[in-house]
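Contents: one structure, followed by commentary.
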Amino acid sequence: MRADADTVPQILRSLEAEGMDASHLGPIGVRPRMTRYLSELWERRHFVWMDSRHRVATQNSSNLLGNLWLVLRPLLDAAMYFLIFGVILDAHRGIDNFAAYIIIGVMMFRSTSRSISQGPGILRSNKAMIRAFSFPRAALPISAEIRDAMQMVITVAVMLAMIIVLPKHELPQVTWLLIVPIFALQSLLNLGISFLFARIGYVLPDVSQAMTVISRFLMYGSGVIFPIERFFDHPVFAAIIHANPIYQLVHMYRVALMDGAVPELRSWVVLGAWAVGLLIVGFLFFWRGEATYGDEKR
Amino acid sequence: MATRSAEATAAAESTSPDEQGERWVAPEHSPLTVVARDLKVRYTVKRTNRTRGSGALSRLRRTQKISVGAVRGVSFTARSGEFIGIIGRNGSGKSTLLRTLAGLEAPSSGTVLTSANPSLLGVNAALLPELTGAQNVKLGALAIGLTPEQADAAFDGVVELSALGDAIDLPMRTYSSGMAARLKFAISLAASPEILMIDEALSTGDAAFMERSKRAMDELLERAGTVFLVSHAAQTIENMCSRAIWMERGQVILDGDAVEVARKYRWFAHNLAQGDTSKANGLLLDARREGWEQTEDRRQFERGSNELHWTPRHARKPPRGHRGGRRSDTTAP
């Protein structure tokens, strides 16, 4: 049972019967209304920003190479997948610049895959913060997403440098600027995923065990490493693949970076609909659980 | 006798004139800040039976889910200017009560009403050990809800209160626990919260810091704030608070003047430490009875005369193990 709202007037009346002024009192620990919630979230922005900045800057300080790992990790990832899928399995199916294809896919997918794998644990890992302050808990997924975006700035720089330097050099074009709006949509998508899984993972901690599998499945099923669409001819499969926002996402990055073209409207619509839809659904779902996140879980 | 002299010391300490003079006294009539009504917090936990039975069935039944009441029906009202100590043994529900009052944990039932958002002294959760003290002051101030401008304005005061000197520019992971405690206390006061809640935070500071923090809190109280302090050290409560709430097994035993309640608690805890369990239980029952009488007086006032014939539970049947004459033990010098 939650703190019941209908007993509040009774308490206020009994206090006033004793001659005490209780008009300025209000219930605590109850989920605020949406407008209030959003404005509290907005007031929290300074903390979220400063906290994210410092955490990104200090997260690798225990490693000898420090923040060089922000560059090295995605590099190693891309090198490994290129070795396996490009050289050993030879899965490129007629993709011209397969190195760039894999680098773009792997590096840009990392951001979404982090949201998927870390989303369910986000409330648990910030337990100390939740138990110490009252603030809109939605600030936690947002903060994680901002940290992720900060790291992605470095990742994107590494990625662009690599596709220019590696053979079959891609050269900078005007369409490269399109990665900014595409990444903005990707961040919204990530945030929606975080909100959704944060509450699911809080209620059902076991979900986080399955998340690495789901993340892997999405990676292979979304054309991150090899052109999945060229393995299926069936129209139903094609429709499923094309409705997948992650497939559209990596596809759009590749069109903008490798083909020097503007991604087709259908891609924008699919990605945009998923991003905005998931964000709204995820945020509402998360907000409804707001008052429960401080409870002791055993 | 050892017990007698300990009691005498306790009484002498609490009545010494300089301490009495310094202790904060709450104003008689001031606005309400926190109202708690019948708060209950229950946890469901897995219990494992240690005694091993034979057979597969009893082995299967070894773990069972049981419900544990951490807070079991707590009601009180707090006014601005009050410095309330919550005292009790480990596991008596003090910290859970505080978290519930702060709105960080939802009660299983019951309601908390407050005049402002309480600030629980837990700013360390937001601080990053890799950053310097000074950077953490900024970060912590933002975490407790100050704007960047307010955080800048409060900076010098926080550094001064923390008395860290040059150490303020060192990474926080190099701090001793006392230094870290001082810093987080100083940051928490920077927001000048209307309702401040402190959980055992002051025990790590040294004597000089205790004095300074007491002054800072007195200022807060003069600005019509309310401070809650959770501690199992009766001395701290006696020295600093105006009112004390004694908790035992999730219930309020006694709620009243800090010196009186703390002294009774101390005498109880002392007997318990000496192994005199039956005497300690007697003292506990006396205190509980006194607490009951207070509550019943208030309830009858609230309900009016139609329920005056109602007999308090403790008056119907004397509690087991209770004998007359215990009462004098608690007050005799």
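The values are calculated or read from the model by the stated rules, or taken from the named source; none is laboratory data. Here the structure is a predicted model, which means the values were calculated and not measured. Neighbour counts are summed over all protein chains in view; Cβ atoms, including those assigned to glycine, are modelled from backbone coordinates with ideal geometry. Note: areas computed on protein heavy atoms with side chains; ligands, DNA, RNA excluded. Shrake-Rupley method; radii C 1.70, N 1.55, O 1.52, S 1.80 Å.
Quick notes
- Qualifying residue in the range B:150-157 (condition: in contact with a His (Cβ under 9 Å, 6 or more places away or on another chain) and either crowded, with 20+ Cβ neighbours inside 10 Å or under 23 Å from B:Met240 (Cα atoms) (or both)): yes
- Residue match in the range B:234-242 (condition: touching a residue at least 60 places away in the same chain (Cβ under 8 Å), crowded, with 16+ Cβ neighbours inside 10 Å, of a type outside the set (Asp, Glu) and not in a helix (DSSP H, G or I)): yes
- Screening the range A:18-27 for residues that are surrounded by 13 or more Cβ atoms within 10 Å (Cβ to Cβ) and touching a helix residue (DSSP H, G or I) at 6+ places or on another chain (Cβ under 9 Å) and picking the one that is nearest to the other protein chains (Cβ to nearest Cβ) gives A:Leu25.
- Candidates A:Ile11, A:Ile84, filtered to the one that is among the β-branched types (Val, Ile, Thr), assigned to a helix (DSSP H, G or I), within 30 Å of B:Leu113 (Cα to Cα) and at pLDDT below 85: A:Ile11
- Criterion: farther than 30 Å from B:Asp152 by Cα, in contact (Cβ under 8 Å) with a residue 24 or more places away in the chain and facing chain B (nearest Cβ under 10 Å) - qualifying residue of A:Val71, A:Val30, A:Val8: A:Val30
- Of the listed requirements (1) at pLDDT 90 or above; (2) touching a Ser or Thr at 6+ places or on another chain (Cβ under 6 Å), A:Gly260 misses just one: (1).
- With respect to being farther than 30 Å from B:Thr226 by Cβ, open to solvent by 60 Å² or more (accessible area, probe 1.4 Å), in a loop (DSSP other than H, G, I, E, B) and modelled with pLDDT of 75 or more, A:Asn63 fits the description.
- Restricting attention to the range B:83-103, the residues that are within 14 Å of chain A (Cβ to nearest Cβ) and either farther than 15 Å from B:Val230 by Cα or touching a residue at least 40 places away in the same chain (Cβ under 8 Å) (or both) total 9.
- Looking only at residues in the range B:164-182 that are at pLDDT 85 or above and closer than 22 Å to A:Phe133 by Cα, the one that is most open to solvent (accessible area, probe 1.4 Å) is B:Arg173.
- In the range A:54-65, the residues that are farther than 12 Å from B:Gln135 by Cβ and within 9 Å of chain B (Cβ to nearest Cβ) form Cβ pairs under 8 Å with partners that are acidic (Asp, Glu) and open to solvent by 60 Å² or more (accessible area, probe 1.4 Å), at six or more places apart or across chains, as follows: A:Ser61/B:Glu130.
- Per the listing B:Ser213, B:Ser231, the residue uniquely open to solvent by less than 20 Å² (accessible area, probe 1.4 Å) and at pLDDT 80 or above is B:Ser231.
- Residues satisfying the stated conditions in the range B:130-152, i.e. under 26 Å from A:Asn67 (Cα atoms) and not hydroxyl-bearing (Ser, Thr, Tyr): B:Glu130, B:Leu131, B:Gly133, B:Ala134, B:Gln135, B:Asn136, B:Val137, B:Lys138, B:Leu139, B:Gly140, B:Leu142, B:Ala143
- Verdict on A:Gly260 being open to solvent by less than 50 Å² (accessible area, probe 1.4 Å), out of contact with any Cys (no Cβ under 9 Å at 6 or more places or on another chain) and at positive phi: yes
- Residue check for B:Ala106: modelled with pLDDT under 85, part of a helix (DSSP H, G or I) and facing another protein chain (nearest Cβ under 7 Å): no
- The residues listed here are B:Val45, B:Val74; of these, the one that is among the β-branched types (Val, Ile, Thr), open to solvent by less than 50 Å² (accessible area, probe 1.4 Å), at pLDDT 85 or above and within 22 Å of B:Asp199 (Cβ to Cβ) is B:Val74.
- Selected residue (criterion: nearest to the other protein chains (Cβ to nearest Cβ)) from residues of the range B:128-139 that are open to solvent by 20 Å² or more (accessible area, probe 1.4 Å) and either part of a strand (DSSP E or B) or of a type in the set (S, T, N, Q) (or both): B:Gln135
- Unique match (being buried (at least 20 other Cβ atoms within 10 Å of the Cβ), out of contact with any Lys or Arg (no Cβ under 8 Å at 6 or more places or on another chain) and more than 7 Å from every other protein chain (Cβ to nearest Cβ)) among B:Leu146, B:Leu161, B:Leu142: B:Leu146
- Options A:Gln151, A:Gln209, A:Gln173: the member that is of a type in the set (S, T, N, Q), open to solvent by 30 Å² or more (accessible area, probe 1.4 Å) and closer than 30 Å to B:Ala141 by Cα: A:Gln151
- Residues satisfying the stated conditions in the range B:109-127, i.e. facing another protein chain (nearest Cβ under 7 Å), in contact with a strand residue (DSSP E or B) (Cβ under 9 Å, 6 or more places away or on another chain) and open to solvent by 20 Å² or more (accessible area, probe 1.4 Å): B:Ser109, B:Ser115, B:Asn117, B:Leu120
- Within the range A:33-48, considering residues that are open to solvent by 60 Å² or more (accessible area, probe 1.4 Å), among the charged types (D, E, K, R) and not in a loop (DSSP other than H, G, I, E, B), the one farthest from the other protein chains (Cβ to nearest Cβ): A:Arg36
- For the range A:137-172, the set of residues classified as outside any helix (DSSP H, G or I) and either under 24 Å from A:Gly86 (Cβ atoms) or without any contact (Cβ under 8 Å) to a residue 12 or more places away in the chain (or both) consists of A:Leu166, A:Pro167, A:Lys168, A:His169, A:Glu170, A:Leu171, A:Pro172, listed by residue number.
- Out of A:Asp51, A:Asp77, sole residue that is part of a helix (DSSP H, G or I), open to solvent by less than 60 Å² (accessible area, probe 1.4 Å), among the charged types (D, E, K, R) and at the interface with chain B (Cβ under 10 Å from one of its Cβ atoms): A:Asp51
- Consider the range A:123-136 and keep the residues that are among the basic types (Lys, Arg) and in contact (Cβ under 8 Å) with a residue 12 or more places away in the chain. The one that is surrounded by the most Cβ atoms within 10 Å (Cβ to Cβ) is A:Arg131.
- Out of A:Ile95, A:Ile116, A:Ile103, A:Ile130, one residue alone is among the aliphatic types (A, V, I, L, M) and not in a helix (DSSP H, G or I). It is A:Ile95.
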